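Undergrad: Got a structure here, written out as structure tokens. Questions coming.
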Amino acid sequence: MRRTVLPSLRGWLQSTALLSVIAGYVLLLLVNAALGDLQRKQQHLKLAASLLQQASTGALDAGPLLSLGLEARVLADGELQSPTLQPWPSGQQWLLSRSSFQLPNSERRLLELRQDVTASLQQQQLSQLLLVAAAGASILFTSLLLRPVLKRGLVLPLNDLDQELQALEADTLGEHLLDPSRQPQELRAIAEAFNNLQQRLAAAWQRERSFVDGVAHELRTPITVISGHSQRLQRQVLADPARDSVNSITAEARRMGQLLTSLRELARCDGGRLQLHPALLDADEKLLLAYEQACAHAGERLQLPLPSVQRLPLFSADATRLQQSLQLLISNALSFSTGSVRLFAEVSGDQLVLHVQDSGPGIAEAERALVLQRFQRGSTAAGQRGAGIGLALVDELTRAMNGEVVIAEAPGGGADLQLRFKVAAAAP
């Protein structure tokens, strides 16, 4: 279905106003021309009536009329004619009419009257030219006046409303309400509806955060109990079917524990309860620690090149949250790729960049912003287990540490997930 593209409201108002002014002046010109023509014909008929009285008594003298631009003569027969404009080859314009009258001997005659209206028409044309000039000046003035009026009364309030909407975040819902009294009368209803929507969304968001936080807290204990019992059973001698079941229970309990941990951390981020302890960190040391922690389940797939001779500068972050973010990225890379996963760090401008590169299908450029949202997964994750909150948690934690997550394409294919932080100090 083809969508109809609506025009700009500002342009529509300007064009409508200008067209209204033009239409008004066109109508004024038409009315002025019609009134001038009607006035000439009425004056002509009055002259004809006066001359008919003289002609009916036989006292019509056409000589003095020539000085007034009139020509009158009596015809024995002919057709009656209302005042009609007739051009002459010399460029003059004449009104011609024929009227019937009765002589004293009861004979019928026609009075033909011609009136030179060239001066009147020229005067009318001059007035029309003046009206056209006035119309042009009025259109120009209206166009210049409409621009600041529409900008002050429509564009600026809408821009302010747009900025309020752009600055709206989930954590600030209901905190920055618009003042309807400061809005134009036409936008007050929109401002009130926007405030009501903010308050409803804030209440719904608060209920959702409370629910997630409560569920994560309540399920933590039973998951821990299940995980503990399964690990105890793993240390016992069991038959192969029973050991497979225990291993599955342990794996699922571990996965559920990680999911609950991520949900709890997201709830802390949403509630402003995330505790951070920033410090100056060494990138090579933190990558080595992440490698050692993940190497147990990653095996030889995880690669950490030797650090360069030149030490990298320090950066500021929370060591615990940084390790949590790196482990999530490593786990994500191991899950969605079959090749090696490479860890390394480099300096790019005034930023220190921690890379987690895999050799999988990568993440499409159109989906890179999407996968950083909660419960969203890319098209390449089809068929893989996951809740879609790992990268969202990494993004939340990194932004809380004044960093950013960047998703790029690794050389040779695959995803390159980067944690970028501002350089805080020179290398020790």
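Undergrad: Condition first: more than 30 Å from residue 151 (Cα to Cα) and either hydroxyl-bearing (Ser, Thr, Tyr) or at pLDDT below 80 (or both). Can you find one or more residues in region 35-52 that meet it?
TA: yes
Undergrad: Identify, from the list 232, 209, the residue that is basic (Lys, Arg) and open to solvent by 70 Å² or more (accessible area, probe 1.4 Å).
TA: On inspection, the qualifying residue turns out to be 232.
Listed here are the residues, each with its yes/no results for (1) touching a strand residue (DSSP E or B) at 6+ places or on another chain (Cβ under 7 Å); (2) surrounded by 15 or more Cβ atoms within 10 Å (Cβ to Cβ).
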{"site": "107", "(1), (2)": "no, no"}
{"site": "110", "(1), (2)": "yes, yes"}
{"site": "136", "(1), (2)": "no, no"}
{"site": "152", "(1), (2)": "no, no"}
{"site": "164", "(1), (2)": "no, yes"}
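Undergrad: Then there's this: Out of all the residues in region 206-228, is one or more among the hydrophobic types (A, V, I, L, M, F, W, C), touching a residue at least 24 places away in the same chain (Cβ under 8 Å) and in a loop (DSSP other than H, G, I, E, B)?
TA: Scanning region 206-228, I find no residue that is among the hydrophobic types (A, V, I, L, M, F, W, C), touching a residue at least 24 places away in the same chain (Cβ under 8 Å) and in a loop (DSSP other than H, G, I, E, B), so the answer is no.
Undergrad: Mind checking whether some residue in region 271-281 is in a loop (DSSP other than H, G, I, E, B), of a type in the set (A, V, I, L, M) and modelled with pLDDT of 85 or more?
TA: yes
Undergrad: Please name all residue pairs, on different chains or six or more residues apart, with Cβ atoms under 7 Å, provided the first residue is in region 142-159 and is in a helix (DSSP H, G or I) and the second residue is surrounded by 14 or more Cβ atoms within 10 Å (Cβ to Cβ) and basic (Lys, Arg).
TA: 150/10; 154/10; 155/10
One line per residue, one yes/no per condition, for (1) among the β-branched types (Val, Ile, Thr); (2) open to solvent by less than 30 Å² (accessible area, probe 1.4 Å); (3) under 21 Å from residue 372 (Cα atoms):
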| position | (1), (2), (3) |
| --- | --- |
| 245 | no, no, no |
| 251 | no, no, no |
| 255 | no, no, yes |
| 269 | no, yes, yes |
| 275 | no, no, no |
| 284 | no, no, no |
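Undergrad: Go through region 326-383 and give me each residue that's touching a Gly at 6+ places or on another chain (Cβ under 6 Å), assigned to a helix (DSSP H, G or I) and of a type in the set (A, V, I, L, M, F, W, C).
TA: Residue satisfying the conditions is 328 alone.
Undergrad: Which numbered condition trips up residue 177, out of (1) among the hydrophobic types (A, V, I, L, M, F, W, C); (2) within 22 Å of the chain's Cα centre (by Cα); (3) in a helix (DSSP H, G or I)?
TA: (3)
Undergrad: Also, I was wondering about something else. Got a number for residues in region 404-423 being over 11 Å from residue 357 (Cα atoms) and in contact with a helix residue (DSSP H, G or I) (Cβ under 9 Å, 6 or more places away or on another chain)?
TA: Adding up the residues that qualify gives 5.
Undergrad: Residue 202 is checked against (1) in contact with a helix residue (DSSP H, G or I) (Cβ under 8 Å, 6 or more places away or on another chain); (2) modelled with pLDDT of 75 or more; (3) buried (at least 16 other Cβ atoms within 10 Å of the Cβ) and fails just one. What number does that condition carry?
TA: Failing condition for residue 202: (1).
Undergrad: Does residue 16 qualify as being part of a strand (DSSP E or B), modelled with pLDDT of 80 or more, surrounded by fewer than 17 Cβ atoms within 10 Å (Cβ to Cβ) and among the β-branched types (Val, Ile, Thr)?
TA: Taking the combined requirement at face value, the residue does not satisfy it.
Undergrad: Please work out which one of (1) open to solvent by 30 Å² or more (accessible area, probe 1.4 Å); (2) under 45 Å from the mean Cα position of the chain (by Cα); (3) not aromatic (Phe, Trp, Tyr) is the condition residue 296 fails and give its number.
TA: Among (1) open to solvent by 30 Å² or more (accessible area, probe 1.4 Å); (2) under 45 Å from the mean Cα position of the chain (by Cα); (3) not aromatic (Phe, Trp, Tyr), the lone unmet condition for residue 296 is (2).
Undergrad: From the list 132, 117, 74, which residue is at pLDDT 80 or above, open to solvent by less than 30 Å² (accessible area, probe 1.4 Å) and of a type in the set (A, V, I, L, M)?
TA: Within the list 132, 117, 74, the selection yields 117.
Undergrad: Restricting region 340-360 to residues that are touching a residue at least 60 places away in the same chain (Cβ under 8 Å) and open to solvent by less than 20 Å² (accessible area, probe 1.4 Å), which is nearest to residue 423 (Cα to Cα)?
TA: Restricting to residues being touching a residue at least 60 places away in the same chain (Cβ under 8 Å) and open to solvent by less than 20 Å² (accessible area, probe 1.4 Å), the top hit is 352.
Undergrad: May I pose another question? Given (1) modelled with pLDDT of 90 or more; (2) surrounded by 21 or more Cβ atoms within 10 Å (Cβ to Cβ), where does residue 324 come up short, assuming only one miss?
TA: Condition not satisfied by residue 324: (2).
Undergrad: If the Cβ limit is 9 Å and pairs must be 6+ apart or interchain, which residue in region 251-274 that is closer than 17 Å to residue 222 by Cβ pairs with which residue that is charged (D, E, K, R) and in a helix (DSSP H, G or I)?
TA: Listed by first residue and then by second, the contacts come to 257/220; 260/220; 261/220; 263/213; 264/213; 264/220.
Undergrad: With respect to the numbered conditions (1) at pLDDT below 90; (2) out of contact with any Lys or Arg (no Cβ under 8 Å at 6 or more places or on another chain); (3) closer than 14 Å to residue 333 by Cα, which one is the sole condition not fulfilled by residue 394?
TA: Failed condition: (1).
Undergrad: All but one of (1) open to solvent by 50 Å² or more (accessible area, probe 1.4 Å); (2) of a type in the set (A, V, I, L, M); (3) under 30 Å from residue 18 (Cα atoms) hold for residue 146; state the number of the condition that does not hold.
TA: Condition not satisfied by residue 146: (1).
The values are calculated or read from the model by the stated rules, or taken from the named source; none is laboratory data. In this text the structure is predicted, and so the values were computed from the model without any measurement. In this analysis, Cβ positions are derived from the backbone assuming ideal geometry, glycine residues included, and neighbour counts consider all displayed protein chains. Calculation scope for accessible area: heavy atoms of the full protein, side chains included, ligands and nucleic acids excluded. Shrake-Rupley method; radii C 1.70, N 1.55, O 1.52, S 1.80 Å.
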